[in-house]
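The values are calculated or read from the model by the stated rules, or taken from the named source; none is laboratory data. Computed from a prediction, not measured in an experiment: that's the story for all the values here. In this analysis, Cβ positions are derived from the backbone assuming ideal geometry, glycine residues included, and neighbour counts consider all displayed protein chains.
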Ligand SMILES: *Cc1c(COP(=O)(O)O)cnc(C)c1O
């Protein structure tokens, strides 16, 4: 890897003050990684360079046809002061799959991991120390062929940036959701399984509609039958049925239109570790409403890298409004959240070998 250090890197006191501010996505670390690909020569050697603006021709493909993919992953400070990544190989594999769907080049897993390790170890001082805090890492790839012809780009640029993420979880608050029957996130054969910016661009109008209904987030249902629960915003969903040791923890099945979340996958194992039954199911809007009404569904939560686990309270839709439990974060939700965070922060044993040491 070519390395050009940032001559204007923040001094330690300034950096520590920015990290201590918390928040998310406001400040970026001193460096970034760039790696160019061309159809002719494949991947070039990556460069670690000072964080800063890009200069691109206005006719660059990504601006016009949205050929772009991204990932989201985290590095956590460990009790010994070291830093570990949570399941980075899973992000590498998903990045390659997203690339294939968007007709972008698949980056070899080893190259992807090399860039992540290089940036995290170089900018290690930006990784916060407290529980619930982390360094959020954003790898992405854009089509960089210049020209307005509609075709898969013969050039692409991979970029890696990172931002400290504070503990913005408010345990007293469950999110409210608007179940959208007007808009669709993904249809079979589309890009629902790929992590691409276009999915998000198409989702924002529904997010606006949810806000207009007084809800924090939008819940997506399937495109074909318009009744199966899929995801919440940019997170996967979980439902808890029953209480105590007999509870089961269920999540919508991956049908080809859901984004296969790494947090979702981890919770299938983590909930089992805690002694709960887990199941991947088809769950309809009616199942949600009736399950809440009968008391069978006791808790609902959403999960994803950024928030890890986020309790869901009130659900609103064209068919009415219903509230899960007492509308407060559930017991099993919090147990699963704390268990995952403990694995990530290295304070409980990592039976699944999820944590990968950087330094
Ligand atoms: C990224 C993402 C998720 C969550 O995936 P994680 O790997 O758990 O972060 C869920 N749904 C959508 C639409 C996403 O883009």
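This table checks each residue for (1) in a strand (DSSP E or B); (2) within 16 Å of the ligand (Cβ to nearest atom); (3) within 23 Å of residue 266 (Cβ to Cβ).
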{"residue": "194", "(1), (2), (3)": "no, yes, yes"}
{"residue": "201", "(1), (2), (3)": "no, yes, no"}
{"residue": "205", "(1), (2), (3)": "no, yes, no"}
{"residue": "211", "(1), (2), (3)": "no, no, no"}
{"residue": "224", "(1), (2), (3)": "no, no, no"}
{"residue": "230", "(1), (2), (3)": "yes, yes, yes"}
{"residue": "240", "(1), (2), (3)": "yes, no, yes"}
{"residue": "245", "(1), (2), (3)": "no, no, yes"}
Item to complete: Mind listing whichever residues of segment 247-277 are assigned to a strand (DSSP E or B) and within 16 Å of the ligand (Cβ to nearest atom)?
Response: 249, 251, 252
Worksheet item: Within the set of pairs 6 or more residues apart or between chains, which connect a residue that is closer than 19 Å to residue 163 by Cβ inside segment 1-25 to a residue that is at pLDDT below 95 and assigned to a loop (DSSP other than H, G, I, E, B) with Cβ atoms less than 6 Å apart?
Response: 22/166; 23/166
Discussion item. Would you confirm whether or not segment 119-128 contains a residue that is in contact (Cβ under 8 Å) with a residue 40 or more places away in the chain, under 29 Å from residue 256 (Cα atoms) and not assigned by TED's automatic domain parsing to the domain that holds residue 196?
Written reply: no
Discussion item. Looking at segment 67-76, can you tell me whether even one residue there is away from the ligand (no atom under 15 Å from the Cβ) and either under 19 Å from residue 159 (Cβ atoms) or modelled with pLDDT under 95 (or both)?
Written reply: yes
Practice prompt. Please state which one of 233, 190 is touching a residue at least 12 places away in the same chain (Cβ under 8 Å) and either buried (at least 19 other Cβ atoms within 10 Å of the Cβ) or within 18 Å of residue 323 (Cβ to Cβ) (or both).
Written response: 233
Worksheet entry | Hits in segment 26-56 (condition: more than 23 Å from residue 104 (Cβ to Cβ) and free of Cβ contacts under 8 Å to residues at least 40 places away in the same chain) | 52
Response to the item:
By my count, strands (runs of 3 or more DSSP E) wholly in segment 1-110 with at least 3 residues that are closer than 20 Å to residue 198 by Cβ are 68-70
Discussion item. I'd like the full set of residues that are touching a residue at least 12 places away in the same chain (Cβ under 8 Å) and farther than 30 Å from residue 359 by Cβ, limited to segment 57-81.
Written reply: 57, 59, 60, 61, 62, 64, 65, 66, 67, 68
Worksheet entry | Near pairs, Cβ below 7 angstrom, 6+ apart or cross-chain, from segment 253-272 (under 18 Å from residue 196 (Cβ atoms) and not assigned by TED's automatic domain parsing to the domain that holds residue 303) to any residue that is within 11 Å of the ligand (Cβ to nearest atom) and modelled with pLDDT under 95 | none
Item to complete: Output yes when any residue across segment 129-143 is over 21 Å from the mean Cα position of the chain (by Cα), crowded, with 17+ Cβ neighbours inside 10 Å and in the same structural domain as residue 16 (by TED's automatic domain parsing), and no when none is.
Response: yes
Worksheet item: Do we find that residue 104 is more than 16 Å from the ligand (Cβ to nearest atom), more than 16 Å from the chain's Cα centre (by Cα) and exposed (fewer than 15 other Cβ atoms within 10 Å of the Cβ) in this structure?
Response: no
Worksheet item: Which of the following residues is surrounded by 16 or more Cβ atoms within 10 Å (Cβ to Cβ) and closer than 27 Å to residue 128 by Cα: 9, 61, 20, 13?
Response: 9
